Every structure is written in structure tokens, then in C-alpha cells.
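K.L.:
Here it is: the structure, laid out below.
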């Protein structure tokens, strides 16, 4: 796979199965390098006609079915923010039914089938009457954090509401006042209310949220579940409120599990089941409540499977194996599930889990690129087995070792498709990747082993063990030509490694956290991240935060280093990269910085297609200069 091949494969996501299980709507995304855009189209599958494009695109995503299965609602982005479109199953033209000033974040059907429950976003009152030129000119008055957020930009001027919108179009009926934040709204089965997550406190938010209920008759909202580290909320068919995450005082990082709200308090649905049930690949994957329990993805040692959690806490594995579930949707009774699934050599296809078992429904790319398969192995470490993967180019000659380090750190590499590994292996590198302590996929203790003194020590030890094991396992890997790279936390760890050892010949530090002390005041999550992982915050924790910062060691870096950063990255602001660049220049270390305009922290996953191609080309050029 070459950087120019980024537009030669399709990626399916967001499957939505009709109530009777006869049809599946899903999104298919494909890059268009020439037009520098993503073509997103809603496809339709049924048994008689197979899968085919159903909407025109190029900005159609997130389909959802009406209760009787006769209509489909989805989000459409043309030249403006996304709005809700509705189309009949029989086809015809889609009709836009919302005009939210800042767009719609999500849509679902009210049980009456005549209205839509819409997550509506508008301007804060003082900004609402301004034109675009004036909004770009006026100063911003900030009194609350976060006031900007990665991928979303400036959020202090956003106001969120829950609205009921007629499916035929018409004025919205607002169920809430304008709020600073709303997450994961879900209508109750009876249609009498919408539950959602929000933090209504003033000042410095610590990212916790409470569960609120907005009455469908417009009579107001109330808090029904206390503050906690909640990632999503849903409602079971019997009206029970369920949430994923964890209540206080359990700190992040921890496995995000399923909880039930009982008389205003939380109880865990499946105590002792220590695996995360929430994934984010740009698209949150959260549990779905059905009449026979809850269906959920599960991270487990690099795999992403599908499970059912019964009301009594029993867990049944529905889909397992060396693959990654990237989306799912179950019928109301849970008997049939539509899924999108990828593996290391397949970007994804649509599958069906039903009476006949697991069945592949599509082959979206009938003439696939010659993707390279990976080899999974484990390495014994002080904390337990470390999952690792190796991707080798064809042939039998020696090749440079290229260590890739993932972000998070509470995320995982695994058995799903990853374009990074394909591009580097095709370019002639022996790619090595792993899930050291701090990663997800092996439970809370594994994730929390990097908290405090373990940060930068336990994870570094595991990475070193995996590199040594890979060299011993594969004679084609050249120990004299080794490169290291990573983004976000992976960028932190790359900078950290470079400050501790000089055995690397090439490095790429990307969108990295490099100085905890400045990160605490500039990142959208900086005011909580240091406390969660290091147990310290500014100003009292300055010394420990600085001790754990790669910038402190940057005067020791001698490895030729390419620094890649996005100018609109609010997760790891570009000042992090600028500080690192300045010190490497002082050192006389070979260094270059590549700055991408109008991109966020998510450049490598959802940035503009041309930028993604140019990023790959720059990385290959850099490693080619120093690892040849």
C-alpha cells in the first residue's frame, strides 16, 4: 500500500438494522484524493437485492430506522453543518427537516414515529446575531473550561438543546434550555422523556457528567443520576437507565463497564467483568439495550469482539476471534445483529449475526490491495503477557525495524485493519507494535500500572522487552537500523525514549505531549490529565510533572527526528512541538518540523485526504533518509 492508495479502499461503519431485521442501512466512506474530501454514502442491504448505494452523498452518515421500518433518518452535510434528512425506504428524494445554526450532533426516532429526537446545536445568545466576519473579529470572553475542544474548535460559543422535530418538517419543540454540553441523548421507550449526560457546573470542569432527564411534554429537566465518569447513557426497554463508565471515586484510567441506575444510585451490572465496553474510532461504539440484555463491543488483548450482558450480569460472547468489530446494531429483541468487521488485511465489510451464525454480507472491495498480514506474539513481562504484532514486507532480506507506539495510553493495537502498518511494511520496514502496560484490553490493573511513578517506567520497560523479543524472534530485523515513532501518548513515549537512549537511527514525534507543565494550561484536557495519570496538578505538582516530561530530557536527544504537528490541535497544542524543536536545534540534532494547517489532533485518522497522503510521504522520506 502506497500513500497514493489511500483512496483505493472503502470503509463501512454505523450499521443500522431495521426493526424486523430484513434491511440494514450502513455508511460507506471512501477518500477522494483529487477532490480532497471523504465521500460518505448510506448503503442499503436486503436479502433479495444485496448491498447497494442508497443515498447520493457525499456527506451522508449515521442512518437510523423509524419504528415501523418504513423510513430512514440520517445526517447530511453539504456545504454547511450536518442536518437531519429523512428518506422513505422505497427511495425518492431525501428531505432536510432541520436548520440547526451549528448543526445536529445526533438523531433518533421518537416511538410515535411522527417526530425525531434531535441533538441541536446553536450559537450562544450574544453570538447568534453576528455574521461570519464579525464572529471572526470580536474578542472571545472565556470564563469556563473547556472553552475549546479538539475536532470541535471553539466550544464556549456553542449551546446544546434537545429538540423534537416533526418528520415531515416544521418548527422544533425544545425540551431543554440552551446548555453548555449535552452527550448521548436517548429517548425512553415510552417516549415520555429524553435522558442525557451533561455537566452544568460553572468554572473549571473536571470532565465528569451527571445524568439528566428532559420531559417530552416540555415541563423541564431534572438530574436523576449523580456525577461520574460517564461516556454514554441509554435506556432499557423496561425504562431502566444504563450508563457506561464508572461512578466516583473510581479514577480514570479504568475499564468502562456497564452500570444500572437504581433509586438514584449506581450498581454495576456485571461486577468483576474487567474489560472496557466503549470504543472510539472517531465514532463512539457504546452498548445497546435490548429486551434480552445489552449488546456491547469488548476490548480484549487486541481483539474487539461482541458480547451480550444479561440483566443478571451474565456475559455471553457473540463474536470473537482475531478481528475487530467496528460497528453494530441489534434488533429490539436482540436476536439479530448487524456488524461491520475488519481484520489486519481487510478494511471492513458488513456482517450479520442471526440464526445461521455469523455471515459476511458484502465484499466492498472485490479487487483489494495486496495488504500485508500481521503476526501476533506475546512477550512475558513483569506485569504479565504483552501483546505484540509484527508486519514484514515480502522477501527474505534484512529490513529496518520500525517501532510504532499507540496513543492513549488507554487504547490498544490489535487485529483490526490499520493503514499505518500497511504503508510502512509496503515501504520495506519491519513494523513492530505492542500494547505495553497502560494500554486497554487487559483490564484496569494493566491500565493503571502507569499511574504515578509507573508513568514512563513500566511502559518503557515493556516496549524495550518487545523490541528485544522481536529481534530475537525474526532474523530479518536489523538491530543496526531501528526507527521509532508514535502519536499523542505515542509521541510522548517516542520523545521519552529518545531522551533515555541513543540506539535509534530515526524518529518521528507526532502530535505529542512533551511538557506536562505547559500542557496543563493549554490542552483541552490538560487540567485533568496530569492529575489522573501522575496524581499531581499545577502548581503544587510542578516538579513531578516536569520530571515526567520528555522536554526535560530533550537536551540529550541525538537521534534524527521529524516532528509532525497540526496547527489546530487542541489536545496536544502545537506549543508542545515548538518547544521540542527549539531544543533539538540547540543540540545540533538533525530535526525538521512539519506543520499542518487547518488540522486537529485527528489528522492521521480523519484529516483532509491530501494532508494524510502528504503526511505519509514525509514520514517515508524521513525514515528513508536515516534508515536506508
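Computed from the coordinates by the stated procedures, all read-outs in this text should not be read as laboratory data. Being a predicted model, the structure only gives us computed values, none of them experimental. All Cβ positions, glycine included, derive from the backbone under ideal geometry; neighbour counts span all protein chains shown.
K.L.:
Output the antiparallel fraction of DSSP beta bridges having both residues in the chain, as a percent to the nearest 5.
P.N.:
Close to 80 percent.
K.L.:
Sorted from fewest to most neighbouring beta carbons within 10 Å, what does the list 591, 337 look like?
P.N.:
By the 10 Å Cβ count, ascending, the order reads 591, 337.
K.L.:
Give me the distance in nm between label points sitting 7 Å out from Cα along the Cα-to-Cβ direction at residue 95 and residue 265, one decimal.
P.N.:
So the label points at residue 95 and residue 265 sit 5.0 nm apart.
K.L.:
If you bin every alpha carbon distance in region 375-627 into 5 Å steps from zero, what whole percent lands in each bin?
P.N.:
The distribution over region 375-627 is 1, 6, 14, 19, 20, 18, 13, 6, 2, 0, 0, 0, given as percents.
K.L.:
Provide the FRET efficiency to the nearest 0.05 for the residue 355-residue 542 pair, computing r from the beta carbons and using R0 = 56 Å.
P.N.:
0.35
K.L.:
Also, quick follow-up: Compute the helix-to-body angle for 609-627: its Cα long axis versus the longest principal axis of the chain, expressed 0 to 90° and rounded to tens.
P.N.:
Roughly 20 degrees between the two axes.
K.L.:
How much of the DSSP bridge set in region 375-627 is antiparallel, in percent, rounded to the nearest 5?
P.N.:
Antiparallel bridges make up about 30 percent of those DSSP assigns within region 375-627.
K.L.:
Quick one: 546, 127, 65, fewest Cβ neighbours within 10 Å first, how do they rank?
P.N.:
546, 127, 65
K.L.:
Let me ask something else about it. Can you classify region 288-364 as rounded, prolate or oblate using the Cα gyration tensor, where a ≥ b ≥ c are the square roots of its eigenvalues, rounded means a/c under 1.5, and otherwise it's prolate if a/b beats b/c and oblate if not?
P.N.:
oblate
K.L.:
Also, quick follow-up: Can you compute the FRET efficiency between residue 135 and residue 78 using 1/(1 + (r/R0)^6), with r the Cβ-Cβ distance and R0 = 22 Å? Round to the nearest 0.05. Working shown, then result.
P.N.:
Working: r = 21 Å, r/R0 = 0.94.
Once rounded, the FRET efficiency stands at 0.60.
K.L.:
On a full-extension model of 0.36 nm per residue, what is the gain between residue 292 and residue 310, subtracting their alpha-carbon distance, rounded to one decimal in nm?
P.N.:
Going from the current span to full extension adds 5.8 nm.
K.L.:
Using 0.36 nm times the number of residues separating residue 154 and residue 88, minus their current alpha carbon distance, what extension gain do you get?
P.N.:
Stretched out fully, the residue 154 to residue 88 stretch lengthens by 20.1 nm.
K.L.:
While we're looking at this one, here's another question. Go through 358-369, 459-470, 556-567 and give me the packing order, highest mean Cβ count within 10 Å leading.
P.N.:
In descending order of packing, they fall as 556-567, 459-470, 358-369.
K.L.:
From the helices alone, meaning DSSP H stretches of at least four residues, give me the mean residue ellipticity at 222 nm for the chain, per-run term -39500 (n - 2.57), in deg cm²/dmol to the nearest 500.
P.N.:
-5000 deg cm²/dmol
K.L.:
Another question, then. At residue 476 and residue 114, where each label point lies 7 Å from the Cα along Cα→Cβ, what is the point-to-point distance in nanometres?
P.N.:
6.5
K.L.:
Among 87, 182, which comes first, then next, by fewest other beta-carbon atoms within 10 Å?
P.N.:
With the sparsest Cβ surroundings first, the list reads 87, 182.
K.L.:
Taking Cα atoms, how many degrees apart are the long axis of helix 489-500 and the longest axis of the chain, rounded to 10 and kept between 0 and 90?
P.N.:
10
K.L.:
Extending each Cα 7 Å along its Cβ direction at residue 621 and residue 126, get the distance between those two points in nm, one decimal.
P.N.:
Once both label points are built, they end up 4.5 nm from each other.
K.L.:
Another question about this same structure. What Rg and what Dmax come out for region 385-496 when only alpha-carbon atoms are used, in angstroms?
P.N.:
Using the Cα atoms of region 385-496, the pair Rg, Dmax is 13.7, 44 Å.
K.L.:
Could you state the angle between the C-alpha long axis of helix 575-587 and the longest principal axis of the C-alpha atoms of the chain, as a value from 0 to 90 degrees rounded to the nearest 10?
P.N.:
That works out to roughly 10 degrees.
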